[in-house]
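What follows is a short report on a single structure.
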Amino acid sequence: MEIRFETAPFENISTDAAAIICFEGEKPTGTIAVERPSTFDPEIAKQSGWLAELRESGEFTGKLYEQATFHRPEGVAAKRLVVIGAGKAENFSAVEARRIAGVLVRTLQPKGLKSIALLLPSGSGPEIGTAAAEGAILGGWEPDKYKSDPNKNSKALETFIISVPGSGQITDTAIRRAQIIAEAQNLTRDLVNEPANKLSPAALADAARELAAEYSLECEVLDQTAMEKLGMGALLGVARASSNPPFLIVLKYLPAKTFGSDHLALIGKGVTFDTGGVSIKPADGMEKMKYDMAGAGATLGAMKAIAQVKPSVQVTAYIPTVENMISGSAQRPGDIVTTLAGKTVEVLNTDAEGRLILADAITYAKQNGATHIVDAATLTGAIGIALGHHNIGAFTNNQEFLEKFFAASKTAGEKAWQLPMDEEYKDYLKSAFADLPNIGGRYGGSITAAWFLREFADPTPWVHLDIASTAWLDDGRPWLSKGPSGVGVRSFVQLALDWDGSRG
Ligand code: BES
Ligand code: ZN
Ligand code: ZN
């Protein structure tokens with residue numbers, strides 16, 4: 001899909017559909033120029049009659065995502081004029097712009113439309129324009145790769161045009177950057193959508209190698225022998241039962257010029273399937289555990305974008321990837337493994353495998369010079385109990401670093417919410433036989449999981465993102481399909497872009 005910023009008068013843009021945004025509660029007062037003074041080009045004001053009538057009829061109130069379509073309206077070059085509700089004007093932000101663009105694509109593309117133009121409110125800044133560009137690309141993604149008979153229009157849309165009256169603020173560069181980031185997020189969704197029989201740890205490593213070759217990243221893949229030599233006992237313990245061998249994928253981005261000596265590590269949990277191991281999961285819903293590599297997917301997607309938008313900080317991705325299976329060689333509850341850091345762990349539950357593979361990856365990142373670490377992991381079911389499906393769970397050992405992450409995630413339009421890491425919670429992790437158990441008690445499951453990771457991250461500034469309840473949408477949203485959401489990618493890229501070396 002081509003995304004373009006258009007400065008020509010909106011009514012002259014010749015597309016299959018031209019969409020205008022209308023806010024809730026605006027009372028038409030006879031002429032459209034009065035009704036939408038800030039949004040419309042005066043020329044469009046000629047359309048006043050029908051829009052005023054539409055509102056007066058009560059058929060269109062301007063509620064979010066509400067739509068009305070007019071065919072061949074006079075004075076507009078497009079074949080259709082779509083009026084889309086944007087909710088209350090005072091609540092309108094990049095978030096709504098992203099979603100509105102997604103809704104338009106998701107309602108119009110299935111009908112076979114090839115081109116859409118969206119007129120944004122006049123004076124919209126670059127954050128609104130780039131969000132709309134992202135929303136259009138994200139809205140167009142469908143998890144239909146393995147359907148023999150997908151909707152023939154599922155890729156019909158060729159062009160999405162963003163138009164803002166009288167605005168010179170939105171640049172082609174900004175739109176291009178948004179396109180890179182959204183396409184990277186769609187790569188993440190492609191990877192997460194792959195079932196485990198198609199995406200093994202080896203296939204994930206291949207995807208990383210391909211990415212590295214295409215975007216000039218350095219890629220190194222540690223195999224089982226290399227990890228045995230290093231002593232990654234926690235990661236290898238999880239991998240034991242699978243006939244698909246484990247890997248630790250390392251992808252490096254080196255900027256042409258850096259500020260300071262900061263080195264950001266992005267670490268993504270890459271469990272290509274999680275049966276739970278001997279502490280087996282219930283059958284109901286187990287098929288979803290193919291998305292247990294969503295952290296890895298987000299990390300790879302972010303690296304794809306980072307390689308193109310070229311932030312000024314060194315970024316290395318570490319992706320521990322394994323399959324958590326059951327067999328005669330499976331790890332047992334009660335087994336004690338020795339981590340790369342030297343700490344011993346009593347595996348009380350083989351289903352708490354993510355933290356085991358992340359522990360070794362975090363230590364490896366530190367050994368290789370990481371000064372700041374962010375990990376993304378579908379780590380605990382408990383995070384969904386705590387936060388539902390709308391916020392990533394965020395944890396840290398360094399508040400200043402988390403604030404920097406929050407600033408980035410806000411800009412990127414991804415919601416994250418901090419959970420506490422008081423020292424008291426650490427006491428939930430007690431083993432009689434090893435340095436640490438891999439699970440806490442019944443309560444505060446996401447927090448004890450985070451504390452387990454922290455035992456390996458300290459003292460390096462670290463942010464942990466539990467994306468178990470946000471990486472997969474059981475029900476689609478009007479602006480996003482069901483399935484993998486690609487959460488984390490935009491925040492990761494923005495965090496790297498925001499880097500200025502000030503925390504070196
Ligand atoms: N992959 C799961 C977490 C998960 C649950 C992700 C639901 C997505 C949706 C993780 O490996 C796991 O099984 N965690 C256990 C931890 C428990 C044994 C302490 C959990 O959350 O039940
Ligand atoms: Zn598990
Ligand atoms: Zn898991």
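The values are calculated or read from the model by the stated rules, or taken from the named source; none is laboratory data. What you are looking at is a predicted structure, and each value in this text was computed from that prediction instead of being measured. Reconstructed Cβ throughout: ideal geometry from the backbone, glycine too, with neighbour counts over all protein chains shown. Just the protein is used for accessible areas: all its heavy atoms, side chains included, with ligands, DNA and RNA removed. Shrake-Rupley method; radii C 1.70, N 1.55, O 1.52, S 1.80 Å.
Couple of notes before you dig in:
- M289 falls short on exactly one of the conditions (1) open to solvent by 10 Å² or more (accessible area, probe 1.4 Å); (2) more than 22 Å from the chain's Cα centre (by Cα), and that condition is (2).
- For L465: the one exception among (1) more than 16 Å from ligand 2 (Cβ to nearest atom); (2) over 24 Å from the mean Cα position of the chain (by Cα); (3) open to solvent by less than 20 Å² (accessible area, probe 1.4 Å): (2)
- Note on the stretch 353-377: residues that are open to solvent by 10 Å² or more (accessible area, probe 1.4 Å) and either within 16 Å of ligand 1 (Cβ to nearest atom) or among the acidic types (D, E) (or both) total 1.
- Matching residues in the stretch 265-286 - criterion: being open to solvent by 10 Å² or more (accessible area, probe 1.4 Å) and within 9 Å of ligand 1 (Cβ to nearest atom): S279, K281, G285
- Any hit, the stretch 133-149, residues being open to solvent by 20 Å² or more (accessible area, probe 1.4 Å) and touching an Asp or Glu at 6+ places or on another chain (Cβ under 7 Å): no
- One residue alone among G62, G58, G87, G112 is on the phi > 0 side of the Ramachandran plot and either among the basic types (K, R) or open to solvent by 40 Å² or more (accessible area, probe 1.4 Å) (or both), and that residue is G58.
- The set of residues from the stretch 191-235 being without any contact (Cβ under 8 Å) to a residue 60 or more places away in the chain and either among the charged types (D, E, K, R) or open to solvent by 80 Å² or more (accessible area, probe 1.4 Å) (or both) comprises N197, K198, D206, R209, E210, A213, E214, E218, E220, D223, E228, K229.
- Listed here are the helices (runs of 4 or more DSSP H) enclosed by the stretch 134-243 that have at least 1 residues being polar (S, T, N, Q): 172-193, 224-230.
- Check on A457, aliphatic (A, V, I, L, M), within 16 Å of ligand 1 (Cβ to nearest atom) and open to solvent by less than 10 Å² (accessible area, probe 1.4 Å): no
- Listing of strands (runs of 3 or more DSSP E) fully contained in the stretch 252-368 that carry 3 or more residues being within 15 Å of ligand 2 (Cβ to nearest atom) and free of Cβ contacts under 8 Å to residues at least 40 places away in the same chain: none
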